[in-house]
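**Q** Pasting a structure here, questions to come.
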Number of protein chains: 2
Amino acid sequence: MTAADPAMLAIDAHGGDHGVVVTVPAAVAALRTDTRLQAVLVGREPEIRQALASCRQAPSDRIQIRHAEDILPMDAGPATALRRGRKSSMWLALQMVADGSAGACVSGGGTGALMALGVKQVGLLPGLQRPALMAWVPLPHCRTAMLDLGANLHVSARQLVQFAVMGAVTAETADRVENPRVGLLNVGHEDGKGHEAVREAHAALKELRLNYVGFVEGHDIYSGNVDVAVCDGFSGNLILKASEGLARMLVNEFRNALSSSLASRLGALLAGPAIRRALAPLDPAEHNGAPLLGLKRVVVKSHGGADCRAMTRAILEAGREARRGVPDRIEASMQAFQLETEA
Amino acid sequence: MTAADPAMLAIDAHGGDHGVVVTVPAAVAALRTDTRLQAVLVGREPEIRQALASCRQAPSDRIQIRHAEDILPMDAGPATALRRGRKSSMWLALQMVADGSAGACVSGGGTGALMALGVKQVGLLPGLQRPALMAWVPLPHCRTAMLDLGANLHVSARQLVQFAVMGAVTAETADRVENPRVGLLNVGHEDGKGHEAVREAHAALKELRLNYVGFVEGHDIYSGNVDVAVCDGFSGNLILKASEGLARMLVNEFRNALSSSLASRLGALLAGPAIRRALAPLDPAEHNGAPLLGLKRVVVKSHGGADCRAMTRAILEAGREARRGVPDRIEASMQAFQLETEA
């Protein structure tokens with residue numbers, strides 16, 4: 001695999017529920033925010049050109065188009081993607097990363113398809129069986145990296161350890177957190193708690209030169225006590241989606257309460273700016289862009305329903321990770337820890 | 001096991017972080033709310049008497065005291081509880097349920113200890129290997145029953161099916177929901193999603209005469225689309241605690257925002273009543289009292305940190321479940337479904 005220009009991003013223009021209407025203006029916004037970035041928009045050229053034409057001040061010298069005939073449907077599973085995705089925008093965007101013409105790929109397409117095509121084309125780092133999907137969970141003054149989110153439903157102790165290392169490297173490089181605190185999610189913090197895989201991983205993590213803080217519980221994801229929270233993909237997926245549901249419900253209830261009477265509407269008018277300021281950093285859209293860790297190059301999954309602002313975040317996230325060489329750092333850490341554990 | 005008076009509750013006076021200071025006034029409050037109930041306060045008699053003396057209008061004709069010498073520490077695990085708990089308030093409270101002198105037991109003591117002693121003394125219903133812990137998750141206009149919450153870290157398909165039946169029976173009897181909608185938590189709602197145990201349970205649940213709505217995702221816990229959400233104890237525990245952490249964080253941020261400036265403080269004053277009205281039903285304390293399902297009698301676990309109001313809720317919940325004979329109904333449903341699946 002040849003070294004790619006980390007500033008060059010391949011963007012799956014048809015990934016996500018809204019397609020080019022979101023991805024193209026998001027790419028323009030990202031490139032205007034980070035002027036070092038360049039983008040190849042991969043998809044049906046006429047549609048992309050049309051979307052580009054409606055963007056004001058598009059930095060056209062940093063934007064290219066690569067035509068792809070097909071679009072993978074959002075619900076295409078891994079098998080469909082592998083069998084029939086060969087001409088799709090997702091396939092070609094990943095191919096550009098694989099052949100070194102782009103430093104990172106961003107797609108809002110289906111997770112299963114992205115994972116299968118990512119593994120097939122970009123390939124896994126040595127010693128890894130499967131990639132892991134990581135999300136940034138927003139907190140008031142920081143964020144917690146959480147993985148896995150559904151790529152691995154059953155995990156071994158070894159996989160949990162790998163997640164911990166990959167999460168720590170990514171948090172360190174993406175957020176410039178020195179020695180990120182890594183916690184292993186469990187039903188209690190005492191040594192004997194949990195099932196065999198978490199207990200074995202717990203013992204192994206204590207031996208590594210990671211800033212491993214031990215077992216943590218569900219609420220620690222939101223306490224700011226850890227920078228990285230590690231768990232199997234089944235639990236991680238349920239936790240993340242339950243959190244999204246709960247946050248939506250609470251914010252809705254608040255909104256309804258604030259519009260329920262004349263007094264509360266007046267109160268909302270007065271307190272509105274402060275409330276918006278408090279909630280803004282907690283908006284998941286601000287932290288969109290889940291890296292698919294364990295691949296040889298940067299591949300970032302955007303939320304399927306992302307709007308332009310959220311998609312812009314995912315593109316900027318991919319740019320940061322590519323520039324900081326997250327996959328190479330993960331590989332180096334894996335090797336270092338491998339040596340350590342074998343010594 | 002002789003039939004017990006369902007109105008007679010055995011209350012572990014030392015269960016929970018605050019002991020008699022919370023349990024005794026909570027018992028008084030519960031008995032004043034539900035005048036059919038009677039309580040036996042189990043614990044160190046002098047301490048209970050003292051706490052009772054400071055309660056105004058205690059219905060002393062409906063309160064008894066049963067002396068217990070010992071207190072099980074909150075962190076006592078199952079082994080410690082079984083080995084050294086014989087003179088503890090928790091042990092004696094459960095014994096009263098087992099020997100028919102009480103219709104239900106309430107304790108805010110450690111979950112592991114309560115489960116171990118519950119199984120040993122009260123016993124499991126036929127065909128069950130382990131009990132499941134169920135929580136009521138508050139929504140604006142209803143609540144979702146979620147189980148298991150950590151009693152069973154690894155579950156089989158058969159156990160997930162049993163959880164579904166037990167949850168449905170409890171939701172139906174406790175909340176008078178007709179034909180409660182039961183969902184199986186998974187990483188997606190399509191048939192092929194998830195690991196083997198959930199897929200097998202999904203197939204089995206479709207065959208039962210339950211109102212089974214199929215796979216649901218994390219956010220559905222808060223959508224009001226299901227009355228009962230079923231999962232393994234590892235995920236359930238993480239989801240519940242993550243939700244608690246997130247809710248606490250969001251409410252704190254809101255509170256901080258509302259006190260951050262003169263305008264927002266004025267706004268809070270105006271909107272305060274509406275906000276409090278909206279948040280009140282979502283307070284977990286209002287839904288305290290997690291039934292330990294699968295035992296032959298009603299055993300309800302209160303949150304260890306419960307205050308008087310929350311503990312009162314748990315006691316009232318135990319009274320409701322005892323009166324409606326939840327364990328007998330679970331047993332009957334289990335048998336009915338057993339016949340169905342064997343036919």
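The values are calculated or read from the model by the stated rules, or taken from the named source; none is laboratory data. Just so you know, these numbers come straight off a predicted model, no measurement behind them. Here Cβ is always computed from backbone atoms with ideal geometry, including for glycine, and neighbour counts include all displayed protein chains.
**Q** Considering each of A:LEU210, A:LEU240, A:LEU205, A:LEU160 in turn, give the residue that is under 25 Å from B:HIS189 (Cα atoms) and either out of contact with any Ser or Thr (no Cβ under 7 Å at 6 or more places or on another chain) or within 8 Å of chain B (Cβ to nearest Cβ) (or both). Break it down stepwise before answering.
**A** Values: A:LEU210 fails: under 25 Å from B:HIS189 (Cα atoms); A:LEU205 fails: under 25 Å from B:HIS189 (Cα atoms); A:LEU160 fails: under 25 Å from B:HIS189 (Cα atoms).
One residue alone meets the criteria, A:LEU240.
**Q** Across the stretch B:35-62, what is the number of residues that are touching a Leu at 6+ places or on another chain (Cβ under 6 Å) and either outside the structural domain of B:GLY108 (by TED's automatic domain parsing) or not aliphatic (A, V, I, L, M) (or both)?
**A** Looking only at that region, the number is 2.
**Q** If B:ARG276 satisfies all but one of (1) more than 7 Å from chain A (Cβ to nearest Cβ); (2) at pLDDT 90 or above, what's the number of the condition it fails?
**A** Result: B:ARG276 fails condition (2) only.
**Q** What are the pairs, 6+ residues apart or on separate chains, where a residue within the stretch B:60-71 that is small (Gly, Ala, Ser) has its Cβ under 7 Å from a residue that is exposed (fewer than 14 other Cβ atoms within 10 Å of the Cβ)?
**A** If the second residue must be exposed (fewer than 14 other Cβ atoms within 10 Å of the Cβ), the pairs left are B:ALA68/B:LYS87.
**Q** Right, next: The conditions are (1) outside the structural domain of B:ALA10 (by TED's automatic domain parsing); (2) in contact (Cβ under 8 Å) with a residue 40 or more places away in the chain, and B:HIS303 fails exactly one of them. Which is it?
**A** (1)
**Q** Taking the stretch B:221-230, which residues are out of contact with any Ser or Thr (no Cβ under 8 Å at 6 or more places or on another chain) and more than 7 Å from chain A (Cβ to nearest Cβ)? Steps first, answer last, please.
**A** Taking the stretch B:221-230 first, the residues out of contact with any Ser or Thr (no Cβ under 8 Å at 6 or more places or on another chain) are B:223, B:225, B:230.
Listed by number, the residues that qualify are B:ASN225, B:VAL230.
**Q** Given the conditions (1) crowded, with 20+ Cβ neighbours inside 10 Å; (2) in contact (Cβ under 8 Å) with a residue 12 or more places away in the chain; (3) at the interface with chain B (Cβ under 8 Å from one of its Cβ atoms); (4) assigned to a helix (DSSP H, G or I), and given that A:VAL187 satisfies all but one, which numbered condition is not satisfied?
**A** Every condition holds for A:VAL187 apart from (4).
**Q** Scanning for something touching a strand residue (DSSP E or B) at 6+ places or on another chain (Cβ under 6 Å) and farther than 14 Å from B:SER107 by Cα, does the stretch B:302-311 turn up at least one residue?
**A** Within the stretch B:302-311, none of the residues are touching a strand residue (DSSP E or B) at 6+ places or on another chain (Cβ under 6 Å) and farther than 14 Å from B:SER107 by Cα.
**Q** Take the stretch B:24-42 and flag every residue that is under 19 Å from the mean Cα position of the chain (by Cα) and of a type in the set (D, E, K, R).
**A** Scanning the stretch B:24-42 gives a single hit, B:ASP34.
**Q** Would you confirm, using the coordinates I've provided, whether A:SER302 is of a type in the set (S, T, N, Q), facing another protein chain (nearest Cβ under 8 Å) and touching a helix residue (DSSP H, G or I) at 6+ places or on another chain (Cβ under 8 Å)? Can you show your working first?
**A** On the way: of a type in the set (S, T, N, Q): yes; facing another protein chain (nearest Cβ under 8 Å): no; touching a helix residue (DSSP H, G or I) at 6+ places or on another chain (Cβ under 8 Å): yes.
The answer is no for A:SER302.
**Q** Another question about this same structure. Can you confirm whether B:VAL182 is in a strand (DSSP E or B), over 29 Å from B:VAL42 (Cα atoms), in the same structural domain as B:ALA247 (by TED's automatic domain parsing) and not hydroxyl-bearing (Ser, Thr, Tyr)?
**A** Working: in a strand (DSSP E or B): yes; over 29 Å from B:VAL42 (Cα atoms): yes; in the same structural domain as B:ALA247 (by TED's automatic domain parsing): yes; not hydroxyl-bearing (Ser, Thr, Tyr): yes.
Criteria met by B:VAL182.
**Q** Check whether at least one residue in the stretch B:250-269 is modelled with pLDDT of 90 or more and more than 10 Å from chain A (Cβ to nearest Cβ), and report yes or no.
**A** No, the stretch B:250-269 has no match at all.
**Q** Quick one: is B:GLU207 more than 25 Å from B:ALA242 (Cα to Cα) and at pLDDT below 95?
**A** Numbers: more than 25 Å from B:ALA242 (Cα to Cα): yes; at pLDDT below 95: yes.
Spelling it out, B:GLU207 is indeed more than 25 Å from B:ALA242 (Cα to Cα) and at pLDDT below 95.
**Q** Which of the residues spanning the stretch B:282-328 are on the phi > 0 side of the Ramachandran plot and under 13 Å from the mean Cα position of the chain (by Cα)?
**A** Answer for the stretch B:282-328, where residues must be on the phi > 0 side of the Ramachandran plot and under 13 Å from the mean Cα position of the chain (by Cα): B:GLY289, B:GLY294.
**Q** Might you let me know whether the stretch A:79-96 holds any residue that is within 14 Å of chain B (Cβ to nearest Cβ), farther than 17 Å from A:ILE315 by Cα and surrounded by 24 or more Cβ atoms within 10 Å (Cβ to Cβ)?
**A** Applying the first criterion (within 14 Å of chain B (Cβ to nearest Cβ)) to the stretch A:79-96 yields A:79-80.
Now narrow it down to the ones that are farther than 17 Å from A:ILE315 by Cα: A:79-80.
Checking which are surrounded by 24 or more Cβ atoms within 10 Å (Cβ to Cβ) leaves us with none.
No: the stretch A:79-96 contains no residue that is within 14 Å of chain B (Cβ to nearest Cβ), farther than 17 Å from A:ILE315 by Cα and surrounded by 24 or more Cβ atoms within 10 Å (Cβ to Cβ).
**Q** Another question, then. State all residues of the stretch A:82-110 that are touching a residue at least 40 places away in the same chain (Cβ under 8 Å) and assigned to a loop (DSSP other than H, G, I, E, B); if no residue qualifies, say none.
**A** Once the filter is applied, which keeps residues that are touching a residue at least 40 places away in the same chain (Cβ under 8 Å) and assigned to a loop (DSSP other than H, G, I, E, B), the stretch A:82-110 yields A:ASP99, A:GLY100, A:SER101, A:ALA102, A:GLY103, A:GLY108, A:GLY109, A:GLY110.
Yes/no matrix, rows are residues, columns are (1) in contact (Cβ under 8 Å) with a residue 60 or more places away in the chain; (2) away from chain B (no Cβ under 12 Å):
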position	(1), (2)
A:ALA113	no, yes
A:LEU117	no, yes
A:MET134	yes, yes
A:PRO138	yes, no
A:ASN152	yes, no
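**Q** Answer with yes or no whether B:PRO138 is of a type outside the set (D, E, K, R) and closer than 28 Å to B:GLY224 by Cα. So that I can check it myself, show each step before the final result.
**A** Working: of a type outside the set (D, E, K, R): yes; closer than 28 Å to B:GLY224 by Cα: yes.
For B:PRO138, the condition - of a type outside the set (D, E, K, R) and closer than 28 Å to B:GLY224 by Cα - is met.
**Q** Which number in (1) over 18 Å from A:MET115 (Cα atoms); (2) within 24 Å of the chain's Cα centre (by Cα) marks the one condition that A:LEU94 misses?
**A** Result: A:LEU94 passes all but (1).
**Q** Spot the failing condition for B:ASP227; the list is (1) assigned by TED's automatic domain parsing to the domain that holds B:LEU139; (2) of a type in the set (Asp, Glu); (3) over 30 Å from B:ARG199 (Cα atoms), and only one is missed.
**A** The failed condition is (3).
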